[in-house]
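Engineer: One structure is given below, represented as structure tokens, and several questions about it will come after.
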Amino acid sequence: MKRSLFLATEFEAASFLRDAQVLAAPPANRAWTLRDGSTLVVCGMGPVAFAAGYASWLSAAPAHRLGEHVNCGIAGWLGDDFLLGRCVEIGKLRFDHGGDSSSPLMQAAWPEISCGAGATLVSVSSPVWEEERRRTLAAAGGDLVDMEGYAFAALALAHGIQPRLIKALSDPCRRRSRDEFLRDAQIALEHLAAKLNMP
């Protein structure tokens, strides 16, 4: 079965592209065909940009809707038992706009999405670094947090596609230096590429 991987940034994509044999250079929509036949698409960072990028990809050709669609990337862990690089399958998704009303997408009330067994992912409009916000999201039943997963799942389901989400834990939702974040994110992404059997 054909597999398409959807990531937010080229930084996230780098771990998948470094060791894989790229068969086609990226066109304007930042998509690559990999040696195993998978397609890797960078959609954009944040819920609005990611939704626009994924919707554009889906509308570009009917064939883009075929096969398995996987949103993968890094996520922050809301619990106390953080393990860098742990890969987590997502079963439920929630969107928490955190008071952001910058677009109609942020103002809407979005229902919980269920897409199988796994952890509960809370998608937000900006990174979670504050301890109080981390505790609030965890107390509401969240296991991990990202910015793009909910937009991906909602759009996939709207197009009749069963979404799959796998996230690698990159941080414990606490503020750290940029260098620490980038180092740990790279480690997490290497674990994710291995989990998805990328060469």
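Engineer: Take the conditions among the hydrophobic types (A, V, I, L, M, F, W, C), under 19 Å from A8 (Cβ atoms) and touching a Ser or Thr at 6+ places or on another chain (Cβ under 8 Å) and apply them to A185. Does it pass?
Structural biologist: yes
Engineer: Does G116 fit the bill of being of a type in the set (G, A, S), out of contact with any Ser or Thr (no Cβ under 7 Å at 6 or more places or on another chain), at pLDDT below 95 and closer than 28 Å to E180 by Cβ?
Structural biologist: So G116 fails the test.
Engineer: Just the residues that are β-branched (V, I, T) and surrounded by fewer than 23 Cβ atoms within 10 Å (Cβ to Cβ), please, taken from segment 132-164.
Structural biologist: T136, I161
Engineer: Within segment 3-112, which strands (runs of 3 or more DSSP E) (wholly inside it) include 1 or more residues that are modelled with pLDDT of 80 or more and farther than 25 Å from E132 by Cβ? So that I can check it myself, show each step before the final result.
Structural biologist: Values: elements: 3-7, 22-24, 31-34, 39-42, 68-77, 87-96.
Because the criterion is at least 1 residues that are modelled with pLDDT of 80 or more and farther than 25 Å from E132 by Cβ, the strands (runs of 3 or more DSSP E) in segment 3-112 that meet it are 3-7, 31-34, 39-42, 68-77, 87-96.
Engineer: Among (1) outside any helix (DSSP H, G or I); (2) free of Cβ contacts under 8 Å to residues at least 12 places away in the same chain, there is one condition I166 misses while meeting the rest; what is its number?
Structural biologist: (2)
The values are calculated or read from the model by the stated rules, or taken from the named source; none is laboratory data. None of the values given here were measured: they were computed from a predicted structure. For neighbour counting, all protein chains shown are included, and Cβ atoms are generated from backbone atoms with ideal geometry for every residue, glycine included.
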